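Before any comments, here is the structure.
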Amino acid sequence: MLYSLYERSKTWSELIFEFQINPKSLRDHLYFLIESGLVRKKKDVGFELTDAATGFIETSLEELISTAEKAAEIAR
């Protein structure tokens, strides 16, 4: 869900459709992410990542790319 929201903010309906999840499960997941400080509710628009979540994802992606580049070098 975090990577999905990293692409762009999403509405409740978009998240339900994308993840094929029942409303109670989605509410529970979003509540956990909001309480963890990773997601925030936008007024009348849906949900978006906080700066902390965006930083976490960008750092993770950088590490993943670096690891893949090192693996490619070793494979040569």
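The values are calculated or read from the model by the stated rules, or taken from the named source; none is laboratory data. Remember, predicted model here, so these are calculated numbers, not experimental data. For neighbour counting, all protein chains shown are included, and Cβ atoms are generated from backbone atoms with ideal geometry for every residue, glycine included.
Of note:
- Restricting segment 31-43 to residues that are touching a helix residue (DSSP H, G or I) at 6+ places or on another chain (Cβ under 8 Å) and not small (G, A, S), the residue that is farthest from L15 (Cα to Cα): L38
- Tally of residues being at pLDDT 95 or above, of a type in the set (V, I, T) and either more than 12 Å from the chain's Cα centre (by Cα) or under 12 Å from M1 (Cβ atoms) (or both) across segment 38-55: 1
- Only listed residue being at pLDDT 95 or above and at negative phi, chosen from E69, E58, E63, E35: E35
- Scanning segment 39-76 for residues that are of a type in the set (S, T, Y) and surrounded by 14 or more Cβ atoms within 10 Å (Cβ to Cβ) turns up T50, T54.
- Residue within segment 34-46 that is in contact with a strand residue (DSSP E or B) (Cβ under 6 Å, 6 or more places away or on another chain) and not in a strand (DSSP E or B) present: no
- Positions within segment 10-33 being surrounded by 15 or more Cβ atoms within 10 Å (Cβ to Cβ) and either touching an Asp or Glu at 6+ places or on another chain (Cβ under 6 Å) or not in a helix (DSSP H, G or I) (or both), in sequence order: K10, I21
- Residues (out of contact with any Phe, Trp or Tyr (no Cβ under 7 Å at 6 or more places or on another chain) and in contact (Cβ under 8 Å) with a residue 40 or more places away in the chain) located in segment 9-53: F47, E48, A53
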